[in-house]
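The values are calculated or read from the model by the stated rules, or taken from the named source; none is laboratory data. Source: prediction; values computed, not measured. Neighbour counts are summed over all protein chains in view; Cβ atoms, including those assigned to glycine, are modelled from backbone coordinates with ideal geometry. Ligands, DNA and RNA are excluded from the accessible area calculation, which covers all protein heavy atoms including side chains. Shrake-Rupley method; radii C 1.70, N 1.55, O 1.52, S 1.80 Å.
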Amino acid sequence: EAQLVESGGGLVQAGGSVRLSCVASGFVFDDYAIGWFRQAPGKEREGVACISRLEGSTYYADSVKGRFAISSGNARNTVFLQMNSLNPEDTAVYYCAAVRIPYSILVVPGGFRLQGDWDYWGQGTQVTVSS
């Protein structure tokens, strides 16, 4: 059974940093694009970052460019989201998701979106940024 598990969330002070991990099992991770999303109370889920494991291309929401970085781990089933210069507006539940090839990641105003549906979702990890 395909599964994604996020970890690394917690409480961090404004201006601080945290690194989230997404660990996959049950499928060939390198054949997927991996995305990070977040959802804050009262807000829609938004795409934060995305990486194509085959091509190495990365995509970011404008709101996090220069602050967040998505990368592949040494373990081929792991993707990280490094989050720097955090502010309270970054407080949210962060989710990772995966979509199998073929896929199309579209650059749109404000960031990116997937053409179609993501195949798998994790359960999320809470990130709370205090002032």
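Just one of the listed residues (VAL64, VAL5) is open to solvent by 50 Å² or more (accessible area, probe 1.4 Å), in contact with a strand residue (DSSP E or B) (Cβ under 9 Å, 6 or more places away or on another chain) and among the aliphatic types (A, V, I, L, M), and it is VAL5. For the stretch 85-120, name all the residues that are under 19 Å from PRO41 (Cβ atoms) and in a strand (DSSP E or B). Within the stretch 85-120, ALA92, VAL93, TYR94, TYR95 meet the criteria. Counting only residues that are closer than 17 Å to GLN3 by Cβ and hydroxyl-bearing (Ser, Thr, Tyr), the stretch 95-131 holds 3 of them. When the stretch 81-131 is limited to residues that are free of Cβ contacts under 8 Å to residues at least 40 places away in the same chain and over 20 Å from ASP62 (Cα atoms), the one that is least open to solvent (accessible area, probe 1.4 Å) turns out to be GLY116. Of the set (1) under 13 Å from the mean Cα position of the chain (by Cα); (2) hydrophobic (A, V, I, L, M, F, W, C); (3) under 21 Å from ASP119 (Cβ atoms), all apply to VAL64 but (3). Considering only residues in the stretch 8-32 that are hydroxyl-bearing (Ser, Thr, Tyr) and surrounded by 16 or more Cβ atoms within 10 Å (Cβ to Cβ), the one that is nearest to ILE51 (Cα to Cα) turns out to be TYR32.
Number of residues in the stretch 56-111 that are of a type in the set (Phe, Trp, Tyr) and more than 11 Å from TRP36 (Cβ to Cβ): the value is 1.
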